[in-house]
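Below is one structure, written out as structure tokens, with a few remarks after it.
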Amino acid sequence: MCKEVLSNLQDWTLPEQAREGRTLTMWLYLVAFVGLYYLLRWYRERQVVSDLRDKFVFITGCDSGFGNLLARQLDARGLRVLAACLTEKGAEQLRRQTSDRLETVTLDVTKTESIATATQWVKEHVGDRGLWGLVNNAGIIKSVSLCEWLSIDDSTDILKVNLIGVIHVTLSMLPLVRRARGRIVNVSSILGRIASFAGVYCVSKFGVEAFSDILRRELRHFGVKISIVEPGYFRTGMTNLTQSLEGVKQNWEKAPKHIKETYGQQYFDAFYNIIKEGLLTCSTNLNLVTDCMEHALTSVHPRTRYSAGWDAKFFFIPLSYLPTSLADYILTRSWPKPAQAV
């Protein structure tokens, strides 16, 4: 103990220049360590799976948006893409934009018989090789509204597609993925990391996160890898400005009278403008998301989670680590005040 005290006294008696030199050395070691970590991670993640042209990938929600772009992206790279579309029109348009390798099937992830038919169709295509990749991309948001403004039917529809559909499709395809020791990529959202609005949509994405985490742990001994992609705000069919704003209006108009009186017209008008401004700032670079999906399918060492978009990386992810009270203040400081607020 005496030695420690003497050592501390010696540190305090060191010339100021020497102490600054020690501090600088410490920071240099830290920077070198962090740099080495990212260099090793970069090298590790650049390793690509072999024989990609022989591997089948099944993608849901390929009519438009991320799924459509990913299907075209993987097809251009030479993978055997099995694209599931909700409508035959969407499937036909996709086939016109891709090579003969890509094949399509219609799929409604809310219907048991549709999932069973699609699973059998995939099984016939992949044979004994199994399914290398399953991408659960299909999703809906209905409209960005407060929880009280949504009907139970609307809330149920969101959960059926975004969560129950993901679970049902995954469990149906899982034996095929396990046979190939392949990959499952579940598209969540940054709103599945920190809930800020669009209440039931957030609930569904938190569910996707939890399902993915537990499935990853259950399948670790089978060689199956699960990745979660968490996009920020992007301009897709789900965030179409006209349709989204019209949906907000319709939900407000359908809300019970006592709900309208509780919030007031001024609250709705201010909320409407906030949503409009947010939709106008959505990124149009969908490749930021599909590149994450592609990496999860083709890298020897895929990440567990991918945050796609600058807003996700530099706002929402840091925000999720703040104390809850501080995060609440940051997220709600610009919200309007309800008419009957206390």
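What to note about this one:
- Measure of compaction for region 121-195 (Cα Rg per 2.2 N^0.38 Å): 1.38
- Were the residues from residue 50 through residue 314 laid out at 0.36 nm apart, the gain over their Cα-Cα distance would be 91.7 nm.
- Charge context of residue 241, other residues only, Cβ under 10 angstrom, K/R +1, D/E -1: +1
- Sorting 300, 135 by accessible area puts them as 300, 135; the probe is 1.4 Å, largest comes first, and only protein heavy atoms count.
- Applying 1/(1 + (r/R0)^6) with R0 = 35 Å to the Cβ-Cβ distance of residue 148 and residue 303 gives a FRET efficiency near 0.40.
- Local net charge near residue 253, Cβ-Cβ under 13 Å (Lys/Arg +1, Asp/Glu -1): +3
- Area of residue 238 that stays accessible when all protein chains are in place (1.4 Å probe, Å², to 10): 70 Å²
- For the chain, size of Cβ-based charge dipole, Lys and Arg +1, Asp and Glu -1, in debye: 800 debye
- Relative contact order [Cα under 8 Å, 6+ residues apart], the chain, whole percent: 17 percent
- Grouping the Cα pair distances of region 188-260 into 5 Å bins from zero gives a pair-distance distribution of 3, 14, 16, 18, 16, 12, 9, 5, 4, 2, 1 percent in increasing distance order.
- Kirkwood-based shape ratio for region 197-342, expressed as Rg/Rh from alpha carbons: 1.04
- Diffusion constant of the chain at 10 °C, which comes from Stokes-Einstein with the Kirkwood Cα-pair radius and 1.306 mPa s, µm²/s: 70 µm²/s
- Solvent-accessible surface ranking, highest first, for 42, 335 at 1.4 angstrom: 42, 335
- Remark: region 90-101, residue by residue, has Karplus-estimated 3J(HN,Hα) of x, 5, 5, 4, 5, 4, 5, 9, 10, 7, 5, 5 Hz, where x stands for each Gly or Pro and the curve is 6.51 cos²θ - 1.76 cosθ + 1.60 at θ = phi - 60°.
- Per residue, the average separation of C-alpha pairs within less than 8 Å and at least 6 apart gives region 51-123 a relative contact order of 28 percent.
- Annotation: amide H of residue 144 within the under-5 Å range of 248, sequence separation 5 or more or interchain, hydrogens built in the peptide plane.
- Annotation: Cα Rg of region 83-136 relative to the compact-globule expectation 2.2 N^0.38 Å equals 1.16.
- For the residues 232, 133, 278, a GNM of the chain with alpha-carbon springs under 10 Å puts the largest fluctuation on 278.
- Separation in nanometres of the label points that stand 7 Å from Cα toward Cβ, at residue 261 and residue 33: 6.3 nm
- Every pair of different Cα atoms in region 29-130 enters the Kirkwood calculation, which places the hydrodynamic radius at 15.5 Å.
- Its Kirkwood hydrodynamic radius, worked out from the mean inverse distance over all distinct Cα pairs, puts region 240-305 at 15.0 Å.
The values are calculated or read from the model by the stated rules, or taken from the named source; none is laboratory data. Since this is a predicted model, take the numbers as computed values, not measurements. A quick note on method: Cβ atoms are made from the backbone with ideal geometry, for glycine too, and the neighbour counts reach across all protein chains shown. Side chains are part of the model used for accessible areas, which takes the heavy atoms of the whole protein and leaves out ligands, DNA and RNA. Shrake-Rupley method; radii C 1.70, N 1.55, O 1.52, S 1.80 Å.
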